[in-house]
Amino acid sequence: MDKLSIQGGQPLSGRIPISGAKNSALKLMVAALLTDQPVTLSNIPDLSDTRFLAQLLATLGVEVYWPKGASVCHLNAATLTSTIAPYEQVRKMRASFNVLGPLLAREGHANVSLPGGCAIGARPVDLHLQAIEAMGADLVVEAGYVKAAAIRGLKGAHVNFPFPSVGATEHAMLAATLADGETILENAAREPEIADLAVCLNAMGAKVSGAGTDTIRVTGVPALSGVDHKVMPDRIEAGTYAMAAAAAGGDVTLDDAPVAALGACLSALREAGVQVDADRAAGTVRILRNGRRLEAVSIATQPHPGFPTDLQAQFMALMTLADGTSIIRENIFENRFMHAPELTRLGADIAVRGPEAVIKGVETLHGAPVMATDLRASVSLVIAALAAQGETVVNRIYHLDRGFERLEDKLAGCGARVTRQAD
């Protein structure tokens, strides 16, 4: 199992290209199930998660052409050979569960494994199932699988989510594109990746409006066509590198950044005393911090456009070095502070109290061996390691490979002393 060795205390300087958004790419790949015509996705990140999903799609009969390291993925679901998504594949990544709606919409039946739990909480799929059931599907959960049927096709429905679930919103959108009639999704999630999915679906001939607001309307159509679509840049990756530059200090410019989607993140960095120069037209964000100590900032995670839960761990790493005390409240997922004990191994002063973490900033962190527990927690340890004195070894970095494309190469290109090692 690979690990990262990081020699900290080195300011970063240079440019970092931002890859396509993982959270968008996964749902765009699933959308290929909705049509028998070719779908080409460019700017797709080459990650273990996107590769896992490509394998599952191939199991269902989708022709996948995606050379290793390439940023363009060709998908062709002309003929589906299976509507069964087995546990062995779905368990590797929760987004795989979203094949249920498209299979049901196109084929009238599907048998998809439940994804199970997660290191950052249970993350149930009940809202996904309720939305699809509202569209007329017959669902039975048996032996860990959802067995679904809609022999007469899905029907338009009115779905009011109890809270704005990103996954359930996207899943309902996908299924509704081929449903008979209009589907209205109220209290829908507003994340930028949902708008990206809507752009792609509409280019395929779907009729989706309101994506990016809390009310989305989908008028079903008989069939969808193929499409060439460019995946939006990854706002979580951009925010992560912005915080890495702020923690280590220096002068880093992020290229191809989704500036409009980074509002809460960039505001928090500015409040912490980081110089942020964002150019929306050019798609660049420049991060500068030279010598000045960070200021403590308290944040609470919220659905978009609030501070994203997927940047909470990274911001905590940044706040360990701030002058003063900051409080981070996690409102989206339970059990998402597992990085806190590992950050304390580097000298951080963090006390977790239920959904809140109290961080008393220290002047210096010191390198130590640490263990990654999930995707975002693992990269928070990398951020802290870049600012720490001495060597930090981050173990179990397969988590990093799920969501960050060529992370060590991008950091090394800005002067970071980071190397991947095999056990």
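Values in this text are rule-based calculations from the coordinates and carry no lab data. None of the values given here were measured: they were computed from a predicted structure. No Cβ is skipped: glycine too gets one built from the backbone with ideal geometry, and neighbour counts run over all protein chains shown.
Key figures
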quantity	calculated
Mean separation of Cα contacts under 8 Å (6+ apart) over length of the range 22-230, as relative contact order %	20 percent
Ranked 92, 22, criterion: other C-beta atoms within 10 Å, fewest first	92, 22
Label-point gap, in nm, between residue 406 and residue 356 - each point 7 angstrom along Cα→Cβ	4.3 nm
Computed [θ] at 222 nm, helices only, for the chain once each DSSP H run of length n ≥ 4 contributes -39500 (n - 2.57)	-8500 deg cm²/dmol
The chain: relative contact order as a whole-number percent, Cα under 8 Å and 6+ apart	21 percent
For the range 22-230, size of Cβ-based charge dipole, Lys and Arg +1, Asp and Glu -1, in debye	260 debye
Lys pairs under 16 Å by Cα in the chain, provided they are eight or more residues apart or on distinct chains	5
Per-residue HN-Hα couplings for the range 191-204 [Karplus 6.51, -1.76, 1.60; θ = phi - 60°; Hz; x = Gly/Pro]	4, x, 5, 5, 5, 5, 4, 5, 4, 5, 4, 5, 5, 8
Rounded if a/c under 1.5, otherwise prolate or oblate - the range 28-134, Cα gyration tensor axes	oblate
For the range 75-198: relative contact order, % (alpha-carbon pairs under 8 angstrom, 6 or more apart)	23 percent
Distance cut-off 30 Å, percentage of C-alpha pairs in the range 22-230 lying past it	11 percent
Within a Gaussian network of the chain (alpha carbon springs, distance under 10 Å), most fluctuating of 341, 86, 162	162
Dipole magnitude of the range 281-423, debye to nearest 20 (Cβ charges: Lys/Arg +1, Asp/Glu -1, about Cα centre)	280 debye
At R0 = 30 Å, FRET efficiency that the Cβ-Cβ distance of residue 329 and residue 223 yields, to 0.05	0.05
Among 59, 347, 226 - extreme Cα towards positive end, dipole of the chain, charges at beta-carbon	347
Local electrostatic count, residue 419, Cβ distance below 13 Å [Lys/Arg +1, Asp/Glu -1]	-1
Dipole moment magnitude, nearest 20 debye, the chain about Cα centre, only Lys, Arg, Asp, Glu C-beta charged	300 debye
Additional length obtainable on full extension of the chain from residue 133 to residue 295, 0.36 nm per residue less Cα span	53.4 nm
Distance between modelled label sites at residue 109 and residue 65, nm, 7 Å Cα→Cβ extension	3.3 nm
Residues 158, 171, sorted so that the one with the fewest Cβ neighbours within 10 Å comes first	158, 171
Burial ordering of 71, 378, 19, fewest other beta-carbon atoms within 10 Å first	71, 19, 378
Linear extension gain, residue 160 paired with residue 277, 0.36 nm per residue minus alpha-carbon span	38.2 nm
In order through the range 156-161: 3J(HN,Hα) via Karplus (6.51 cos²θ - 1.76 cosθ + 1.60), integer Hz, x for Gly, Pro	x, 8, 9, 10, 10, 6
